[in-house]
Amino acid sequence: YVAKQVPTDGYTILIHIGTDLALLPLISKELRFDPLKELVPVIGLVEARYVLGSSSQLPWKTFNELVAHAKANPGKLNYGSNAPNNRLPMVAIIQDFGLDVVFVPYSGGAPYIQALAAGQVQMGLISEVTALGLGDRFRILAVSGDRPVATLPGIPTFASLGYSQLRSNSYLLNVPLGTPKAAIDRLYGTASRTLQQPEVKARFAKLQMDIIDETPEVVAKRLAELGRYFADIAKRAGIQPE
């Protein structure tokens with residue numbers, strides 16, 4: 001709707017997750033527009049970290065122990081997912097470590113999270129705030145981002161494990177292609193100033209989100225990189241648009 005049906009005057013804005021925009025061409029066969037070209041970035045607002053983990057009932061306590069257990073038991077472990085943005089990064093990790101792990105799809109987030117916490121699937125990716133809400137039922141083994149997280153002491157980042165491209169989910173503002181640069185600049189300036197307000201910082205901190213305040217140029221470059229990265233993973237895994 002925003003890409004095709006609204007005036008290019010800067011008064012209709014899309015807020016969306018960058019990873020989802022990059023994934024759309026790879027998962028939607030009937031997609032009739034190019035989200036990376038026809039939805040122009042205004043600003044990268046915040047990032048919500050996601051974590052890889054397992055039920056605390058399971059025997060491993062670290063990421064490396066999980067990998068060792070999976071290698072010792074080929075074909076016996078499962079990983080779950082309810083959306084491409086938490087499946088494709090898992091596919092990359094599984095492929096690169098040479099693991100034989102079975103994929104179990106879920107149609108919704110709640111059944112997937114319940115199965116993960118109960119150990120019905122042995123590994124998966126969820127948001128940090130969801131993981132913390134599970135309390136002692138869930139063991140966090142790795143976290144997205146390129147620096148240690150104060151709320152997760154001792155938990156390795158994906159970057160430290162060799163996956164610097166597995167970034168946190170970023171929330172973006174986008175406008176339709178053709179929106180005047182003056183409108184984009186004004187929207188960016190207003191959003192950027194708002195992100196620096198103490199009450200806004202406090203609200204996002206409670207949601208376990210990091211303010212990134214990325215310019216349109218930085219966001220566009222990162223989305224293009226994400227598109228290429230996920231396209232390579234999808235090709236290696238034989239994942240086709242549906």
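The values are calculated or read from the model by the stated rules, or taken from the named source; none is laboratory data. This structure is a prediction, so every number in the text was calculated from the model and none was measured. Virtual Cβ from ideal backbone geometry, glycine too; neighbours counted across all protein chains shown. Areas reflect the complete protein model, heavy atoms only, side chains present, ligands, DNA and RNA absent. Shrake-Rupley method; radii C 1.70, N 1.55, O 1.52, S 1.80 Å.
Quick look at the values:
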item	result
Any pair with Cβ under 6 angstrom, 6 or more apart, that starts in segment 23-42 at a residue that is within 14 Å of Leu172 (Cα to Cα) and among the β-branched types (Val, Ile, Thr) and ends at one that is assigned to a helix (DSSP H, G or I) and open to solvent by 40 Å² or more (accessible area, probe 1.4 Å)	Val42/Leu187; Val42/Tyr188
Every residue from segment 219-242 that is surrounded by 12 or more Cβ atoms within 10 Å (Cβ to Cβ) and either assigned to a loop (DSSP other than H, G, I, E, B) or more than 17 Å from the chain's Cα centre (by Cα) (or both)	Arg236, Ala237, Ile239, Pro241
Number of positions in segment 128-154 that are in contact (Cβ under 8 Å) with a residue 40 or more places away in the chain and open to solvent by less than 40 Å² (accessible area, probe 1.4 Å)	11
Criterion: in contact with a helix residue (DSSP H, G or I) (Cβ under 9 Å, 6 or more places away or on another chain), part of a loop (DSSP other than H, G, I, E, B) and surrounded by 17 or more Cβ atoms within 10 Å (Cβ to Cβ) - qualifying residue of Ala70, Ala3, Ala22, Ala92	Ala3
Subset of segment 201-218 [crowded, with 16+ Cβ neighbours inside 10 Å and farther than 23 Å from Ile126 by Cα]	Asp213, Glu214, Pro216
Test set (1) open to solvent by 60 Å² or more (accessible area, probe 1.4 Å); (2) outside any loop (DSSP other than H, G, I, E, B); (3) at pLDDT 95 or above; (4) more than 30 Å from Thr190 (Cα to Cα) - Arg87 fails condition number	(3)
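Conditions tested, residue by residue: (1) closer than 17 Å to Val42 by Cα; (2) free of Cβ contacts under 8 Å to residues at least 40 places away in the same chain.
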{"residue": "Asn174", "(1), (2)": "yes, no"}
{"residue": "Gly178", "(1), (2)": "yes, no"}
{"residue": "Ala202", "(1), (2)": "no, yes"}
{"residue": "Val218", "(1), (2)": "yes, no"}
{"residue": "Arg222", "(1), (2)": "yes, no"}
{"residue": "Arg236", "(1), (2)": "no, no"}
